[in-house]
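Bear in mind these aren't lab numbers, they're just calculated from the coordinates by the rules spelled out. The shown structure was predicted, so the numbers you read here are calculated from the model rather than taken from an experiment. A quick note on method: Cβ atoms are made from the backbone with ideal geometry, for glycine too, and the neighbour counts reach across all protein chains shown.
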Amino acid sequence: MTMSESRVVVVRSKGSVSAGGDFDKAKILRMLERGLCLLAGMGAGRDAWRTLFTERDRVGIKVNTIGGRKISTRPETALSLAESLSEIGISRKNIAVWDRTNRELREAGYRLNLDSSDYQVMGTDTDGLGYEADITAHLNIGSRFSSIQSRFVTASVSLAILKDHGLAGVTAGMKNYFGAIHNPNKYHDANCNPYVAEVFDVPLVKAKHRLTILDAVLVQFHRGPSFHPRWAEPFGGLIFSVDPVAADAFGWRVLEKLRAQKGLPSLKEENREPGYLRTAEAMGLGTADPEKIRIIEDEVS
């Protein structure tokens, strides 16, 4: 069975995060494997990964670490993903966990690593990397891309944290690629619409993107993108899709449900509705209409 572009898989696990805030790597690994199996319609994790990646790929796992240790993509999740990829024969040196800066990665709990025999964990500001000298122009976008995205990566995973955003409404898998350009501050007008969709539409992103996984173990549903414990709620799950728009559209629904439970107005009522998702759908990047998205939910122990 091939992966459906309108399929979103949600896998949750009770106790994936303890009362003290520690994350259970074994449970996260089981959620990753189960999610891919359900997404691919296959029974074995390795077979599921092979529908998206080959041994020849250089895989970039783009994380979001701007929120610090409390509300960034967890190292436990990113390194579990890297481990799963290595098990299908991708060389560890050809798997990179990366983001904008080494400082943000460290502050989110990552151990930097450039050892060629192991997973790479690195920021664009690592010596010898940086942003491309030339600007890539596309629609309303004019940006220099991280050389990690442009030169190292042949297959990309957006492993993003799901959270509220004061301007975009929702920051998730698509907006995660703002961390691949040198000037994301330029693209926050008009609730980041159409800019989130247009950055994703750049061939350096769209042609390499294989999978979105939203780290929704803990969700910041208000006052994001920075961490505010009053407005953070355990969801205890991961969200998967090969459709980048559908993944983020479902994430939007998760945020709205949490907001309603806490008596908060909807994002539309706060003039922060993520209109860039409908723009992305109109551009042919995926499905935003919830009536056209099939949701598959499961739980692992």
Problem set entry | Summed side-chain charge close to Arg151 - residues other than Arg151 whose Cβ falls under 13 Å, Lys, Arg +1, Asp, Glu -1 | +1
For this session: Give the relative contact order (percent, whole number) for the chain; include only Cα pairs under 8 Å separated by 6+ residues.
Result: 24 percent
Exercise. Which of the pairs Lys93/Lys257; Lys62/Lys292; Lys14/Lys206; Lys175/Lys292 have their Cα atoms more than 31 Å apart in this structure?
Worked result: Lys93/Lys257; Lys14/Lys206
Exercise. Remind me, relative contact order of region 108-260 in percent, using alpha carbon pairs under 8 angstrom and six or more residues apart?
Worked result: 21 percent
Exercise. What is the chain by shape, rounded, prolate or oblate, if you read a ≥ b ≥ c off the alpha carbon gyration tensor as root eigenvalues and call it rounded for a/c under 1.5, prolate for a/b larger than b/c, and oblate otherwise?
Worked result: rounded
Exercise. By its C-alpha gyration tensor, with a ≥ b ≥ c as the square roots of the eigenvalues, how is region 27-74 shaped: rounded for a/c under 1.5, else prolate for a/b larger than b/c, else oblate?
Worked result: oblate
Exercise. Going by average Cβ neighbours within 10 Å, how do the peptides 225-234, 262-271 rank, with the highest at the top?
Worked result: 225-234, 262-271
For this session: Give the relative contact order (percent, whole number) for region 1-154; include only Cα pairs under 8 Å separated by 6+ residues.
Result: 18 percent
Exercise. At q = 0.18 Å⁻¹, what base-10 log of I(q)/I(0) does the Debye formula yield for region 145-259 when every alpha carbon is treated as an equal point scatterer in vacuo?
Worked result: -0.89
Seminar exercise, completed: Taking a ≥ b ≥ c as the square roots of the eigenvalues of the Cα gyration tensor, with a/c under 1.5 meaning rounded and otherwise prolate when a/b exceeds b/c and oblate if not, region 231-301 is oblate
Seminar exercise, completed: Hydrophobic long helices for the chain, i.e. whole DSSP H runs reaching 24 angstrom or more by Cα along the axis with Kyte-Doolittle mean at least -1.0, come out as 244-261
For this session: Mind checking which aspartates and glutamates have their Cα closer than 12 Å to the Cα of Lys208? Skip sequence neighbours fewer than 8 apart in that chain.
Result: Asp57
